[in-house]
Amino acid sequence: MSSFLAAALQLTSTSDPDANFVAAEEQIEMAARRGAELVGLPENFAFMGDDELRLSLAPTLAERCSRFLVTMARRYQVTLLGGGFPVPVGENLTVNRSELVSHEGQLLARYDKIHLFDVDIPDGITYRESATVQPGTDLPPVADVPGLCRIGLSICYDVRFPELYRHLAGAGAELIMVPAAFTAYTGKDHWQVLLQSRAIENTAYVLAPAQTGLHYGRRQTHGHALVIDPWGTVLADAGVSPGLAMAPVDTDHGQRIRTQMPSLQHRRPALF
């Protein structure tokens, strides 16, 4: 198949997993009814709350998330990405894991977020993801999804590290997933331009599900889930309300762009 519809979902997740699962299913169903065959949920789709509560919920939440993805993929016959959920790996530590599941409920790929968001934002908020999250140690995978394309995985803050995406392109990714809970402060300046850069320099589609709005305390996310083509053109933008960005992915179009602009073939890695 050279063309299919892909949807990047946008949620305002809270500290109530039950409500978050209901909201996620509503958007998955909407995307499926509109013809989407590939659907992405954002980072933290099942929980957005303080670290103490997240750590206490993590053992059961990890199992619930994996089951939810399998159930939703089968129910709505979509290839589904769960963009990031906590999985316990030790005392007071989790990994931030994404899973890609086929429409038959088969696990196609799994990725634990490598780059952790330890940043002092100028608006006065400090983020220390590494205080309770252990970074992944394996390179992000590329999954060959029958009937769709080759899909590479990443999560949120990874988008600032182009070498990760060059690895995905080198492994054959035709579409790259960037599920996120991008801060409102940085998102207004950096979100779209970073995603367009990753698409252009790797001549790959980018599907970027997103969190949006106010979640807890002062935690506010940027929204604007996006679908971007390999030329860097924004094909769909979800704005700032819960919903979805959906657009066609045409792998023949992607191949034409790689032929017209063969920058991946012109690399001189031995010099760097």
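The values are calculated or read from the model by the stated rules, or taken from the named source; none is laboratory data. All values reported here derive from a predicted model rather than from experimental measurement. Don't worry about glycine lacking a Cβ; one is built from the backbone with ideal geometry, like all the others, and counts go over all protein chains shown.
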Mind counting the residues in the stretch 48-70 that are touching a Phe, Trp or Tyr at 6+ places or on another chain (Cβ under 7 Å), farther than 14 Å from V95 by Cβ and at pLDDT 95 or above? 3
Counting only residues that are closer than 25 Å to W231 by Cα and modelled with pLDDT of 95 or more, give me the strands (runs of 3 or more DSSP E) lying completely in the stretch 114-205 with at least 3 of them. 142-144, 150-153, 175-177
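Yes/no matrix, rows are residues, columns are (1) surrounded by 14 or more Cβ atoms within 10 Å (Cβ to Cβ); (2) in a loop (DSSP other than H, G, I, E, B); (3) among the polar types (S, T, N, Q):
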| residue | (1), (2), (3) |
| --- | --- |
| G213 | yes, no, no |
| Q220 | yes, no, yes |
| M246 | yes, no, no |
| T259 | no, no, yes |
Given the structure, is V240 assigned to a strand (DSSP E or B), among the hydrophobic types (A, V, I, L, M, F, W, C) and touching a strand residue (DSSP E or B) at 6+ places or on another chain (Cβ under 6 Å)? no
May I ask you to list pairs of residues, at least six apart or on different chains, whose Cβ atoms are under 7 Å apart, with the first in the stretch 147-162 being within 24 Å of E129 (Cβ to Cβ) and the second being part of a loop (DSSP other than H, G, I, E, B) and among the acidic types (D, E)? I155/E43; C156/E43
For the stretch 14-34, what are the residues that are without any contact (Cβ under 8 Å) to a residue 60 or more places away in the chain and either crowded, with 18+ Cβ neighbours inside 10 Å or not aliphatic (A, V, I, L, M) (or both)? D16, P17, D18, N20, F21, A24, E25, E26, I28, E29, A32, R33
Residue satisfying condition, being closer than 26 Å to A236 by Cβ, in contact with an Asp or Glu (Cβ under 8 Å, 6 or more places away or on another chain) and surrounded by 15 or more Cβ atoms within 10 Å (Cβ to Cβ), within set L69, L11: L69
Restricting attention to the stretch 229-247, the residues that are closer than 25 Å to E174 by Cβ and in contact (Cβ under 8 Å) with a residue 12 or more places away in the chain number exactly 13
Every listed condition ((1) surrounded by fewer than 17 Cβ atoms within 10 Å (Cβ to Cβ); (2) under 26 Å from H222 (Cα atoms); (3) touching a residue at least 60 places away in the same chain (Cβ under 8 Å)) holds for K188 save (3)
Please verify whether the stretch 40-57 includes one or more residues that are outside any strand (DSSP E or B), farther than 17 Å from A210 by Cβ and touching a helix residue (DSSP H, G or I) at 6+ places or on another chain (Cβ under 6 Å). no
From the option list S2, S56, single residue qualifying as polar (S, T, N, Q) and in contact (Cβ under 8 Å) with a residue 60 or more places away in the chain is S2
Just checking, does the stretch 61-76 include any residue being touching a helix residue (DSSP H, G or I) at 6+ places or on another chain (Cβ under 8 Å) and part of a loop (DSSP other than H, G, I, E, B)? no
